[in-house]
Amino acid sequence: MPNLIGQIIFLKVRRIIQLCICLLFLIIILTYYVRWSSRSNNQIQFYENAFDNPFLPQNAFYKKKSNDIVAEQTSYGRSDLAKYIHLDLKGAPPKANKFYESFFYFLEKLQMGIKGVLIEYEDMLPLQGNLVNISHRAAYTKSDIALIQDAAKKHRIEIIPLIQTFGHLEWILKLERFKSYRDDLNLPMVISPCLNNTYILLEDLLQQTLDMHPDSNIIHIGCDEVILKYSNSACPETDMSISAIYINHIRRVVDIVRKIRPGIRILVWDDILRIDQFINNQNLLNQLKGLVEPVSWNYFPTFNNQYKSSRAWKIYPKFFMNNWIASAFKGGLHRFSMITNTTHHVLNNREWLHFIASSNFRKESFSAIILTGWSRFDHFMPLCDLLPTAYPSLIYSLYMLNTDKFLVDDSIHSCEVLLRSVHRDAQLCESLPGIWEYTNEEMLL
């Protein structure tokens, strides 16, 4: 009798196991069916459900069917547009000997009009002398910096170093040694323009940076998001406005850069320059005439009317020989995201493409576009949008700028399929660093 009961129990358990296996098999089949059917035979399609994305504007344009969009739009594609890719090293900086040669080769062979790379080093430069202890413990070596430049030269990529010189100096001002350099002693973001030591520090930093970049003809000195309080105890009473102090600081930094390398072109973010205090007082902008080239940045998928109709677009060409713009291919949306929202960033590049073709934009002084790739919102924030997860966004954004064609298929996790969709050689995938992280990005969540 016990043997019979045992056999019955064994049969029931076996049937339960068989049933579970069948259910698991059906779930796997259903999952693959849903995933692969969404690809529509591996053909890239317009992202018709963009309006379901809570991060995008609920605009009637995005609720149209893709066929309607194709039928009604005029193509504004700019394959001739000079494009620069921004690499932000203040978060997850790549290994120099494993990334740059392959990445620059990829950018060259992609043939999408990429002229150079803007590298925001922050604490990754191998600084020496009085600055030897402010670099990251895993900072690049001088050999690494030379390797980067050799790879760039080999693949015809121009390197533009970006060194913050006013705001976003947390990586220096967080240190006890430099606490007294802060504009506000309680906040380690902005350096005080009232101290001679500020300019001694910046000259040392800029000198070492340019010494390590002998072939660079352009440098970016940052100066964005500066909330200047003029509250350092060393600041004297003055009749100068905060705006005038801001301009004076930029002029002093420009003098330092030009003393180190005469004739070098100097870029500066423009978010401070375009506020009313400057636009309504052109004497301030006139003090920067011929000294800097402003970079206008906007990372939204649609620009509001205030931005598009800003008087800055007509005023800038009076004072600046070259004007740049900046979109984003990663890190321009959410400070805590791990995987890039491709739709958001491609729409952002589309908006820039259409805006520079509009009557509001003065084209005679337009120089280039920088596709920014932010790793953190600031030095103290967590990582966002790891670079390999942003490869589709980068490639689709470049394709958008070149052709004005909006391609998105978030189900693609194959580099070969991705490149074929934009009519590029799938063999380029072999040179793309971080390809495993891209193809297995679900494991990052």
Q) Looking at this structure, is Leu125 buried (at least 19 other Cβ atoms within 10 Å of the Cβ), modelled with pLDDT of 95 or more, touching a helix residue (DSSP H, G or I) at 6+ places or on another chain (Cβ under 6 Å) and of a type in the set (A, V, I, L, M, F, W, C)? A) no
Q. Can you tell me how many residues in the range 330-379 are farther than 25 Å from Gln164 by Cα, charged (D, E, K, R) and crowded, with 17+ Cβ neighbours inside 10 Å?
A. 2
Q.
With the structure loaded, tell me whether Tyr307 is crowded, with 20+ Cβ neighbours inside 10 Å, within 30 Å of Glu351 (Cα to Cα) and assigned by TED's automatic domain parsing to the domain that holds Ile369 or whether it fails that test.
A. no
Q) Looking at (1) over 16 Å from the mean Cα position of the chain (by Cα); (2) on the phi < 0 side of the Ramachandran plot, which is the only condition Asp404 fails? A) (2)
Q: Would you check if Val268 is of a type outside the set (Phe, Trp, Tyr), surrounded by 18 or more Cβ atoms within 10 Å (Cβ to Cβ) and touching a Cys at 6+ places or on another chain (Cβ under 8 Å)?
A: yes
(Q) I'd like to check something: does the range 315-324 contain any residue that is among the hydrophobic types (A, V, I, L, M, F, W, C), within 14 Å of Ile356 (Cα to Cα) and touching a His at 6+ places or on another chain (Cβ under 8 Å)? (A) no
Q: Could you list, in sequence order, all residues of the range 271-301 that are crowded, with 19+ Cβ neighbours inside 10 Å and among the polar types (S, T, N, Q)?
A: Ser296, Asn298
Q. For the subset of the range 367-386 comprising residues that are touching a helix residue (DSSP H, G or I) at 6+ places or on another chain (Cβ under 9 Å) and at pLDDT 90 or above, which member is farthest from Pro94 (Cα to Cα)?
A. Ile369
Q) Taking the range 155-171, which residues are at positive phi and buried (at least 20 other Cβ atoms within 10 Å of the Cβ)? A) His168
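Restricting attention to the range 154-176, and to residues there that are more than 28 Å from Pro294 (Cβ to Cβ) and touching a residue at least 24 places away in the same chain (Cβ under 8 Å), which single residue is nearest to the chain's Cα centre (by Cα)? Give the steps one after another, and end with the answer.
Just the residues of the range 154-176 that are more than 28 Å from Pro294 (Cβ to Cβ), to begin with: 154-155, 174-176.
Checking which are touching a residue at least 24 places away in the same chain (Cβ under 8 Å) leaves us with 154-155, 174-175.
Working: Lys154: 24, His155: 21, Lys174: 24, Leu175: 26 Å.
So, considering only residues that are more than 28 Å from Pro294 (Cβ to Cβ) and touching a residue at least 24 places away in the same chain (Cβ under 8 Å), the one nearest to the chain's Cα centre (by Cα) is His155.
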Q) For the range 218-255, how many residues meet the condition of being closer than 19 Å to Glu120 by Cβ, aliphatic (A, V, I, L, M) and in contact with a helix residue (DSSP H, G or I) (Cβ under 9 Å, 6 or more places away or on another chain)? A) 4
(Q) Can you find, within the range 189-200, the residue that is surrounded by the fewest Cβ atoms within 10 Å (Cβ to Cβ) among those that are polar (S, T, N, Q) and assigned to a helix (DSSP H, G or I)? (A) Asn196
Q: Determine, yes or no, whether Gly91 is closer than 21 Å to Ile221 by Cα, at pLDDT below 95 and assigned by TED's automatic domain parsing to the domain that holds Gly331.
A: yes
(Q) Of everything in the range 201-219, what is surrounded by fewer than 17 Cβ atoms within 10 Å (Cβ to Cβ) and touching a strand residue (DSSP E or B) at 6+ places or on another chain (Cβ under 8 Å)? Give them in sequence order. (A) Asp215, Asn217
Q: Examine the range 234-243 for a residue that is in contact (Cβ under 8 Å) with a residue 12 or more places away in the chain, farther than 20 Å from Leu173 by Cα, under 30 Å from the mean Cα position of the chain (by Cα) and assigned to a loop (DSSP other than H, G, I, E, B), and state whether such a residue exists.
A: no
**Q.** Boolean, Ile114 is in contact (Cβ under 8 Å) with a residue 24 or more places away in the chain, in contact with a helix residue (DSSP H, G or I) (Cβ under 7 Å, 6 or more places away or on another chain) and under 27 Å from Arg78 (Cβ atoms)
**A.** yes
Q. In the range 363-397, what residues are under 13 Å from the mean Cα position of the chain (by Cα) and under 23 Å from Arg78 (Cβ atoms)?
A. Ile369, Ile370, Leu371, Thr372, Gly373, Ala390, Tyr391, Ser393, Leu394, Ser397
Q: Would you confirm whether any residue within the range 181-188 is assigned to a loop (DSSP other than H, G, I, E, B), assigned by TED's automatic domain parsing to the domain that holds Leu81 and either surrounded by 20 or more Cβ atoms within 10 Å (Cβ to Cβ) or within 21 Å of the chain's Cα centre (by Cα) (or both)?
A: no
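The values are calculated or read from the model by the stated rules, or taken from the named source; none is laboratory data. Model, not experiment: these values are computed from the prediction. A quick note on method: Cβ atoms are made from the backbone with ideal geometry, for glycine too, and the neighbour counts reach across all protein chains shown.
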